[in-house]
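Colleague: The structure follows.
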């Protein structure tokens, strides 16, 4: 954590000077042999790597569906109905519907990369300080706070188009049309497009948090000489 703090603060050294921030009081140690150029490069490389890896991981076939941590399941309000529909022999239709929701998220995910990289460029000294004093996913929380709205704007038309192409809305309507025929089943109202949009955005940030944690703590994730210099040996 201390070395990561040095990386962030040194990368934003000009802003740090104007803000009169005491690096030593935050980290409890001097920067030693780590130069400002190394620190700046390490910060950019680490966060850029996390962005690229996360987008590549989610923006491919199976990126959401095959990842149990972010797989988009039936909306919680509809899961009691799901059980009834499966019991009525409609399991394959539900499975197809679930896969289609995840496929829509996978098509949208690549749109996030440019937005996240721009947010990296705009990171202020205050933002960096918050990441330094935060936890292992503090960087991801910065991106979540500053880019969620933009990412959802970019994702929405792609998700809606993908869901229309794969018939998600029609499948959803057909499934819900069967629910009233089941005993004791009431069909709650769900905006399925908004649900997939929210889950696709959340899933991207879950993967980003995992990648950030690995880069901070796992030597195997420090895949370039610069990352090993900056983050290694902690």
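Colleague: Check 81, 51 and return the single one that is modelled with pLDDT of 90 or more, over 23 Å from residue 165 (Cβ atoms), touching a helix residue (DSSP H, G or I) at 6+ places or on another chain (Cβ under 8 Å) and in a helix (DSSP H, G or I).
Modeller: 51
Colleague: Can you tell me how many residues within region 169-199 are at pLDDT 70 or above, over 27 Å from residue 115 (Cα atoms) and crowded, with 17+ Cβ neighbours inside 10 Å?
Modeller: So the answer is 2.
Colleague: Under 8 Å by Cβ, and 6 or more places apart or on different chains, what pairs join a residue from region 58-69 that is within 13 Å of residue 202 (Cα to Cα) with one that is in a loop (DSSP other than H, G, I, E, B)?
Modeller: Listed by first residue and then by second, the contacts come to 58/64; 58/67; 58/70; 64/70; 64/71; 64/72.
Colleague: Since residue 67 meets every condition but one in (1) surrounded by 14 or more Cβ atoms within 10 Å (Cβ to Cβ); (2) modelled with pLDDT under 95, which condition does it not meet?
Modeller: It is condition (2) that residue 67 fails.
Colleague: OK, next. Search region 113-140 for residues being closer than 24 Å to residue 60 by Cα, touching a helix residue (DSSP H, G or I) at 6+ places or on another chain (Cβ under 8 Å) and part of a helix (DSSP H, G or I), and hand back the single one that is modelled with the lowest pLDDT.
Modeller: 139
Colleague: While we're here: Would you be able to say whether some residue in region 30-37 is modelled with pLDDT under 50 and either more than 28 Å from residue 218 (Cβ to Cβ) or out of contact with any strand residue (DSSP E or B) (no Cβ under 6 Å at 6 or more places or on another chain) (or both)?
Modeller: Among the residues of region 30-37, at least one is modelled with pLDDT under 50 and either more than 28 Å from residue 218 (Cβ to Cβ) or out of contact with any strand residue (DSSP E or B) (no Cβ under 6 Å at 6 or more places or on another chain) (or both), which makes the answer yes.
Colleague: Tell me whether region 91-111 contains one or more residues that are surrounded by fewer than 15 Cβ atoms within 10 Å (Cβ to Cβ), at pLDDT 90 or above and under 19 Å from residue 61 (Cα atoms).
Modeller: Within region 91-111, one or more residues are surrounded by fewer than 15 Cβ atoms within 10 Å (Cβ to Cβ), at pLDDT 90 or above and under 19 Å from residue 61 (Cα atoms).
Colleague: Give just the number: which of (1) modelled with pLDDT under 70; (2) surrounded by 17 or more Cβ atoms within 10 Å (Cβ to Cβ); (3) closer than 22 Å to residue 95 by Cβ does residue 162 not satisfy?
Modeller: (1)
The values are calculated or read from the model by the stated rules, or taken from the named source; none is laboratory data. As the structure is a computational prediction, the values presented were derived from the model and not from experiment. In this analysis, Cβ positions are derived from the backbone assuming ideal geometry, glycine residues included, and neighbour counts consider all displayed protein chains.
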